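Only one structure is covered here, and it is reproduced in the block below.
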Amino acid sequence: MIDKNHEVFKHKHICLVEDHYNPLGIVRSLGEEGIKPIVLLCGANNHLVEKSKYIGEIHYFNSVEDGYKYMIKNYGNEVLKPFIYNGSDDITLFLDKHYDHLKDRFYFTNGGGTIQKYLQKYDITKLAEECGLGIPKEELLNVGELPTTLKYPVFTKAVTSSNGGAWKDQAFICESESELKDAYNKIKADKILVQEFIRKKNELCIDGISINGGEQVFMPYGCHYYRFPKDSYGNYMYFFPFKDKELTDKIIKVIRGANFTGIFCIEFLVGHDDELYFLEVNFRNSGWSYAFTAGGFNLPVRWAMSTLNDKIYLDGFQYLEKYDVKQELADFKTHILIQKDVSLGKWIKENKKCKCFLIYNKNDKKPFYSMLLYKLPFLK
């Protein structure tokens, strides 16, 4: 149980976000502990976050910059520093670029003003390698340039993650030189990472919290996927206690190397040889962070409490041994409607075993029904 008399409940909590089930998870995690956040919702096509019953107040903006200006003007001189939460690489980068202006006014995800370097895939991969993590062989190339040290198949990967969803348009599996040349014709960038393609058995995703630039780090659970779409990450997963000390120590070195403070997620590819290959660090709240709240470790609230305590707040936390989670709309569309590799009966039976879903919530239903209505034309 979380101490309801803790100082964290006296502070304002601000979600500077764009619409997605990622920040919806932040709002729900805060709300379930009695914190009704101030939501600064940036961008158009809002169907999810605004419907949550846990919002204290909400303001709409055309851009993150507009939301930021409002935040500074209205909450930049509080007696108790407010907490800022976000769920995208772009907003992490935006906040970190304003580190010097924000550091005495707010608590927020940051790399001490240097996070941009580690949002570059090449730089974070090199840091991971220096910290002892296994990485796929790779080359940083000009688009159009052919690799000289890699064997096919190869995988093309965006150089930076802080470009909205554009990274997806730069991801191609290429079985041959001709396929790589075809991919280059579709990639709108100057530079590209080309990696050896590891045929994966699974992925390992680990979320955690860090305070004081990695001085203290805690990662409660890891997760694997039950299945994958043909061209993306999975939407049906299981969580388990993460207690691998050797891997923990290496991850902490990465977080410290990036001087990172906040909520994060680190991802690995699991090869068919069961070896782990570093993929990336998401220096922000992840899309499945609400699953940690369902598992008894509320990442946003415990990060805030840890920040104020200057010590990781573990009071009342008890591990669950294993539990299932599903992003139900995406999984339904992919495996029932498109790939048709899961029967409806099996899919429903899986749902009955899930600890939580990432959109539907029995105590906060409006976001699900709003999103369902919005998605109906695309589910056909």
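Per DSSP helix of 4 or more residues, -39500 (n - 2.57); summed, then divided by the residues of the chain. What does that give at 222 nm, rounded to the nearest 500? Please list the in-between numbers first.
On the way: 13 runs with 119 residues, N = 380.
Roughly -9000 deg cm²/dmol at 222 nm, from the helical runs in the chain.
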Point to revise | Net charge over other residues, Cβ less than 12 angstrom from the Cβ of N351 (K, R count +1; D, E count -1) | key: +2
Study note, to complete from the structure: Rounded to the nearest 10, the angle in degrees between the Cα long axis of helix 344-353 and the longest principal axis of the Cα atoms of the chain comes to 40
Point to revise | Label-reachable residues, the range 314-346, where backbone N falls under 14 Å from a point 7 Å from M1's Cα toward its Cβ | key: 315-318
Practice item. Give a residue-ordered list of calculated ³J(HN,Hα) values for the range 68-75 (Karplus: 6.51 cos²θ - 1.76 cosθ + 1.60, θ = phi - 60°; whole Hz; x for Gly, Pro). Key: 4, 4, 5, 4, 5, 5, 9, 10
Point to revise | Cleavage-rule hits, trypsin sites (Lys or Arg not before Pro), the range 194-253, DSSP coil, Cβ neighbours within 10 Å at most 14 | key: R199, K230, K243
Exercise for review: Filter the GluC sites (Glu not before Pro) in the range 182-275 to those in DSSP coil with at most 12 other Cβ atoms within 10 Å of their Cβ, and list the result.
Suggested key: E275
Review point. Between the helical axis of 121-130 and the dominant principal axis of the chain, each derived from Cα atoms, what acute angle in degrees is found, rounded to the nearest 10?
Key: 90
Review point. Applying the Karplus parametrisation 6.51 cos²θ - 1.76 cosθ + 1.60 with θ = phi - 60° to the phi angles of the range 47-55, what ³J(HN,Hα) value in whole Hz is obtained for each residue in order, glycine and proline being reported as x?
Key: 9, 10, 4, 4, 8, 5, 6, 8, 6
Exercise for review: Select from the range 263-336 those chymotrypsin sites (Phe, Trp or Tyr not before Pro) which occupy a DSSP coil region and have at most 16 other Cβ atoms within 10 Å, ordered by residue number.
Suggested key: F317, Y319
Revision key, fill the gap. Sorted by chain and then number, the residues having a modelled amide H within less than 5 Å of the amide H of K191, at least 5 places away or on another chain, are V143
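Relative to the Cα centre, what is the charge dipole magnitude of the chain, using +1 at the beta carbon of each Lys and Arg, -1 at the beta carbon of each Asp and Glu, and rounding to the nearest 20 debye? Mind showing how you got there, number by number?
Working: 51 positive and 50 negative charges, 258 e Å.
My answer is approximately 1240 debye.
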Point to revise | In Hz, Karplus ³J(HN,Hα) per residue of the range 239-249 (6.51, -1.76, 1.60; θ = phi - 60°; x = Gly, Pro) | key: 10, 8, x, 9, 9, 7, 5, 4, 5, 4, 4
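Which order do peptides 357-364, 107-114 fall in by mean Cβ count within 10 Å, highest first? Show your work: numbers first, answer last.
Details: 357-364: 18.0, 107-114: 20.1.
Highest to lowest by the protection proxy: 107-114, 357-364.
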Check your understanding: Once fully extended, how much extra length lies between I173 and Q116, figured as 0.36 nm per residue of separation less the alpha-carbon to alpha-carbon distance?
Key -> 17.9 nm
Practice item. May I ask you to give the average projected area over all directions of the convex hull of the Cα atoms of the chain, in nm² rounded to one decimal? Key: 18.6
Check your understanding: Once a ≥ b ≥ c are taken as the square roots of the eigenvalues of the Cα gyration tensor of the range 1-110, is the result rounded (a/c under 1.5), prolate (a/b larger than b/c) or oblate (a/b not larger than b/c)?
Key -> oblate
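Only the coordinates and a few stated rules stand behind these numbers; no lab work does. This is a predicted model, so every value here is computed, not measured. FYI the Cβ positions are ideal-geometry reconstructions off the backbone, even for glycines, and counts take in every protein chain you see.
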